[in-house]
Amino acid sequence: TERGWGKTGPPTSQTLLLPLLTHWEEKGGRDATPALSPPLPHPQTLLASVYWQYAQILVLANRHITEVSGSYLDVWPSGALDPWGGVTFRFASYYGDHMVLQKKPAGAVVWGYGESGANVTLSLSKDSKVIMKKMAQVEEHSETWKVVLAPMDHGGPYSVMAEQHSREEPKNLTLRDIYFGDVWLCSGQSNMEMTVSQILNASKELSEASLYPYIRVFTAALIQSEVELQDLAKIDLEWSIPTAENLGHGNFSYFSAVCWLFGRHLYEMLQYPIGLVESSWGGTCIEAWSSRRALHECGLKGDARRFLLPTLLSGPDMPSVLWNAMIHPLLNMSLTGVIWYQGETNAFINTDLYNCTFPALLTDWRKAFHAGSDGQTQPLFPFGFVQ
């Protein structure tokens, strides 16, 4: 809790330990530590050993907490191994109580982790009555399962229950207070990250937050990665009903003022639930939010930093590190569209290429979200931007 992991769990072993092992190798690895007895193992063996000990600590801690409080804490990282029961059965990190799932004409995608080869039944219920059931099998290579719900009208509340059928006793997970509506992703740099508490009429906006219980908000944490992550490693704000506290948590934290005002306007016009997903980072260049393939379209390969003035940048500037950690994990989500507020940082880096890198990002995100959602997110979804 002190580290902000909450119910989503800590960073995965990949994001937490591999950088340490890489650093160890760069410093010489076993050759640099000849006096150690027994000698240090190969990095991958070391990773498995450390992660195994970490997993045992979590299991023992949960056993103690369960005995004391009767509650089980879900503190496992993405796809984590439970030493006594295989991969932890759970929803992906950005599914939770109070969330909004995409309404028709799209089918909402729901996915998670489970025991390889096990069958998963997903049930959608309203007023204790099951109105839809879908089946999926946990894939062996990724140890994930995915279900596409039949298109639903806007409204709620619903409950979503996932049940894993395996050789052991069935395991159940339930999401509550779920609504169907339009889901929007809000991304970019500081103008998107700026929170409701920082705008001119902040006190009025915050005092009226409780008037919009059918707008739901979610914020991804600031994480970067050199490889594409399957799931979010950390979450700052889990799906929530808006309050003065979570809309005005602090400067450049959560919740995004532009995202909130956009969503509030949509709700006032449409009068049905709106889900807002914020994934933004101040002082960032477009190259950090672009996939490698999008950068290649513009002739940027390897280190994409050209004409960089580092003293003017405050966020990550390495190519693709935010695409990898803060966008790629969201691709399975069915959504209506994206709003984007970025560009200032590219006044200092690759300025002459922005007329290529921005359209390339837009095109690539559309293709990737369409493919990741099994075709449920429209291939030409709305992409609103401020430049």
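The values are calculated or read from the model by the stated rules, or taken from the named source; none is laboratory data. Because the structure is predicted, anything quoted here is derived from the model rather than measured. Quick reminder, even Gly has a Cβ in these numbers, built from the backbone with ideal geometry, and neighbours come from all protein chains shown. Ligands, DNA and RNA are excluded from the accessible area calculation, which covers all protein heavy atoms including side chains. Shrake-Rupley method; radii C 1.70, N 1.55, O 1.52, S 1.80 Å.
Applying 0.36 nm per residue to the separation of LEU261 and GLU139 and subtracting their alpha-carbon distance, the gain on full extension is 39.9 nm.
If the chain between PHE348 and THR174 were fully stretched, how many nm would it gain, using 0.36 nm times the residue separation less the Cα-Cα distance?
Values: separation 174, 0.36 × 174 = 62.64 nm, distance 4.75 nm.
So the chain would gain 57.9 nm between PHE348 and THR174.
Given the Cα-Cα distance of SER123 and ARG293 and 0.36 nm per residue of separation, how much length would full extension add, in nm?
The SER123-ARG293 span can extend by a further 57.5 nm.
Across the accessible surface of segment 232-305, with the other protein chains kept in place and a 1.4 Å probe, carbon and sulfur atoms take up 50 percent.
For GLU163 and VAL227, the FRET efficiency from 1/(1 + (r/R0)^6), where r spans their Cβ atoms and R0 equals 25 Å, is about 0.20.
Note on LEU173: accessible area approximately 40 square angstrom, rounded to 10, probe 1.4 Å, nucleic acids and ligands left out.
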